[in-house]
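Worksheet for the structure shown next.
The values are calculated or read from the model by the stated rules, or taken from the named source; none is laboratory data. If you're wondering where the values come from, they're calculated on a predicted model, not measured in any experiment. With ideal geometry, Cβ positions are generated from the backbone for all residues, glycine too; neighbour counts draw on all protein chains shown.
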Amino acid sequence: MMGSPMLRIQNLQYAIAERRILDGIDWILNPGRRVALVGPNGAGKTTLLRLIVGEVTPEAGQIQTRKDYAIGYLPQEPLSLEEGTLLDVAMSTHPELMTLERKIWSLQQEMSETCEDQPSLMDALGEALHRYEALDGYSLEAEAKTVLKGLGFKAQDVHRPISEFSGGWRMRGYLTRLLLQSPDLLLLDEPTNHLDVEALEWLEGYLQSFRGGMVIVSHDRFFIDRLAQEICHLHQGKLKRYQGNYRQYEIQKQEEEEFQEKRHKEQQEEVARQKAFIERFRAKATKAAQVQSRIKALQKMEVIEGIKKRREFTFRFRVSQRSYKEVLQIEGAHFRYGDDWVLRDLNLRMFRGDRVALVGPNGTGKTTLTRLIKEELTPQKGSVQIGQRVRIGHYAQHQVESLNLGSSVFDEVYASASDSMAEEVRTVLGLFQFTGDDVFKRIGILSGGEKARVSLAKMLVSPCNFLLMDEPVNHLDVTSRAALETALSNYDGTMLIISHDRYFLDKLVDRVVELREGRLDEYLGNYSRYLELRQERQEMQLAATENVREKDAQGVASPAQKRKEQKRREAEARNALSRKLKPVKEKLALTEGEVQILETRKSEMEETMSLPETYEDVDGFVNLQKDYARVCEELDEQVTEWEKAQDAYERILQEFER
């Protein structure tokens, strides 16, 4: 198995004033397990992490760890780090190395200022250098610089004072220190808040190979999806575990809620039937015993709560007028501000119904490209042509400045609505959390985030058929993001989306266009497929470059080249194996989750069937037996599916070994 638990929490209780945040939390975390802690805002996720590291004290319960157990904690709030350079902060978890480094520098300075030979200084320097090497100081410094580079720092940044960096960049420095510490458990509270996409992807790769345990609190669903092996949902003081990543958790949770709602409905029907019997026969002496029996059964009945229905938005964004087939054609476009070319030789075609993500590092010109498409800018070379009957709807953060501050939310959005969307304005505003009297608030009193949501609503109801969206989900919670994903998935126009929410992109786009160093590269598929294809391209380019370098003058492969070629073939085989195994692994995780849910249901039913009062209600017992038989049948089916997936997994491994 996975070894003994490295963290055990038992009956943890914590409250703030009258509000109980944690109510009897039991949690076991095994070594090397990557867990995402999710739940609504205010559920107590950060509080739970702070309890684990001892920043706050529980009212009751226990938190047990091993004696030699090290925890690294990245909090949400800005940190006040110690003085020194960025590299000093990154390596500060190794104080002896830092002391030695300062000593070495001091001895070298003293020797450079002394003209005469100083044997004592030479001996002291040699001893310090020897100790520094024995403690693997050179490797640690190299690793620190690698991590800092991965998190977005430049080479010249490492010797700058940490005080010169903004809060977000200081958090990256602190994260570097945690990673170099290599703790047994990493607690990461919103680690993606201060990272761009490139730093995020690097961090994901680093954490996937991290050997310790991990608890992640994050609103970045894609980040969780790529890392988590288990999801723990914290809600109303209780913690519930789900096997698999975020997508599998969503499926399991939906099935669980549907099952609970079914049980709630059946129980309500049974309660109504029993109450009707009691009322009908209460006055009849011959039925007195049965009436009393049913009254007691109702009093003892454990109430099954219904699921509080979230408001669902199932409307469809309709295009009032379809564009012609060709929506956008960019040919050989160049653009520059001053002397520096921002965009060089861009070529891009988009057709009606395309759903394209525009990605690339910050500052590469994504916004400039959207301004060219909107004809706010003109390329110095090449052309940008918009197709016939194309009406562009553009969303960007700065558009809040164009809102009429004296208008109400409803009037502002309604004024932009097409005829086909006029009746849907209230529904769209509900999607963006404007309900009831909120729709009559003046724009002038809204917060910045609320104004941004009004701008987004205006674009979506307008008579446009080509959406240009620049970070459309920044001010939406997870529920609203999911509703917008559903609405846009049914949109019959064309979309070009810039977003850091990769989960959002993954659900919507069928093509990814990457802008890097002024040029465009296209990848067919969603965001996950883009990452796979980009990795394959990079490996092929690297292999081709190495092959060219290592050919000898006669064009015959050298021994080194042959070894490289063998490694390339092995890497290709591993990648092919990984691609084959990926869907099978997902199937295994999904069926394991289903088996766990069904086994829990089966146990609950068996416990109910063991109670004497269950048999007093003949009809209810018959229904319970039917449900029990159905659950057993479904459990057998899921176990069979799991076995098939396991067999497929083993067959693929055997084929690879041959």
Within segment 333-355, how many residues turn out to be in a strand (DSSP E or B), over 30 Å from Y491 (Cα atoms) and out of contact with any helix residue (DSSP H, G or I) (no Cβ under 7 Å at 6 or more places or on another chain)?
-> 7
For L97, are the conditions met, namely being at pLDDT 75 or above and assigned to a helix (DSSP H, G or I)?
-> no
Looking across segment 146-156 at residues that are surrounded by 18 or more Cβ atoms within 10 Å (Cβ to Cβ) and assigned to a helix (DSSP H, G or I), the single one that is nearest to the chain's Cα centre (by Cα) is G150
Being in contact with an Asp or Glu (Cβ under 7 Å, 6 or more places away or on another chain) and assigned to a helix (DSSP H, G or I) is the filter; apply it to segment 356-380 and report the residue that is nearest to G332 (Cα to Cα).
-> T370
Please state which one of L186, L200 is under 26 Å from G150 (Cα atoms) and in contact with a Gly (Cβ under 6 Å, 6 or more places away or on another chain).
-> L186
Can we say G382 is assigned by TED's automatic domain parsing to the domain that holds D510 and either surrounded by fewer than 16 Cβ atoms within 10 Å (Cβ to Cβ) or among the basic types (K, R) (or both)?
-> no
Filter segment 467-498 for residues that are at pLDDT below 90 and of a type in the set (S, T, Y); which is surrounded by the fewest Cβ atoms within 10 Å (Cβ to Cβ)?
-> S489
Among (1) in contact with a Leu (Cβ under 7 Å, 6 or more places away or on another chain); (2) buried (at least 21 other Cβ atoms within 10 Å of the Cβ); (3) farther than 25 Å from L22 by Cβ, which single condition is G244 missing?
-> (3)
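Per-residue answers, yes or no, for (1) free of Cβ contacts under 8 Å to residues at least 24 places away in the same chain; (2) more than 28 Å from the chain's Cα centre (by Cα); (3) surrounded by 14 or more Cβ atoms within 10 Å (Cβ to Cβ):
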residue: T378; (1), (2), (3): yes, yes, no
residue: H398; (1), (2), (3): yes, no, no
residue: E423; (1), (2), (3): yes, yes, no
residue: L431; (1), (2), (3): no, no, yes
residue: N465; (1), (2), (3): no, yes, yes
When only residues in segment 337-353 that are in contact with a Leu (Cβ under 8 Å, 6 or more places away or on another chain) and touching a residue at least 40 places away in the same chain (Cβ under 8 Å) count, which is surrounded by the most Cβ atoms within 10 Å (Cβ to Cβ)?
-> L343
Quick one: is T427 farther than 30 Å from H334 by Cα, assigned to a helix (DSSP H, G or I) and under 32 Å from the mean Cα position of the chain (by Cα)?
-> yes
Scanning segment 354-376 for residues that are on the phi > 0 side of the Ramachandran plot and surrounded by fewer than 17 Cβ atoms within 10 Å (Cβ to Cβ), the one nearest to the chain's Cα centre (by Cα) turns out to be G363
Flag if L520 is closer than 30 Å to V217 by Cα, at pLDDT 75 or above and out of contact with any Gly (no Cβ under 6 Å at 6 or more places or on another chain) | no
Does R371 satisfy the condition of being under 22 Å from V197 (Cβ atoms) and in contact with a strand residue (DSSP E or B) (Cβ under 7 Å, 6 or more places away or on another chain)?
-> no
From the list R50, R20, which residue is within 28 Å of T479 (Cα to Cα) and outside any strand (DSSP E or B)?
-> R50
Any residue at all in segment 575-591 that is at pLDDT below 75, within 30 Å of E637 (Cα to Cα), hydroxyl-bearing (S, T, Y) and assigned to a helix (DSSP H, G or I)?
-> yes
